[in-house]
Amino acid sequence: MSYSFRTIAPLARRAFEVLRNDGVRVLVIKVIGELLYRRIWILETDLWSITSAKSLPDEVELRWLTEDTVDDYTTLVPWGDAAVARERLRSGQSCLVAYAEGRAVHSR
């Protein structure tokens with residue numbers, strides 16, 4: 001990749017301006033911000049739309065985890081703690097569980 005004077009000159013001018021007005025610390029933070037920091041897009045998806053996915057086999061059913069079905073979850077995830085799962089559900093968190101042949105086979 002080659003740079004010409006026309007692309008570097010405005011950057012250098014801006015760097016000297018930041019250095020003069022704000023100091024070395026701010027300049028370093030701004031350089032790190034430009035070179036290393038990447039912004040991410042946060043996307044929202046309606047999980048109920050997954051339930052109508054055509055890629056799921058007919059015998060798989062998706063259901064939201066409830067306090068009544070936490071035992072299914074702890075059977076699926078042996079390291080899971082039922083009390084912690086119930087507390088998370090009470091705090092508003094949610095978990096989607098896939099059932100096949102009447103038992104939990106996957107959770108997300």
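By count of other Cβ within 10 Å, fewest leading, how are 94, 107 ordered?
With the fewest neighbours first, 94, 107 line up as 94, 107.
For residue 84, what charge total do you get from the other residues with a beta carbon under 13 Å from its beta carbon, if Lys and Arg give +1 and Asp and Glu give -1?
Around residue 84, the surrounding residues sum to 0.
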R0 = 22 Å: FRET efficiency of residue 37 with residue 13, Cβ-based, nearest 0.05? 0.50
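Compute the length gained on full extension between residue 64 and residue 77: take 0.36 nm times their separation in residues and subtract their Cα-Cα distance, giving the result in nm to one decimal.
3.1 nm
Each reported figure results from applying straightforward, stated rules to the coordinates on display, with no laboratory input. Source: prediction; values computed, not measured. For neighbour counting, all protein chains shown are included, and Cβ atoms are generated from backbone atoms with ideal geometry for every residue, glycine included.
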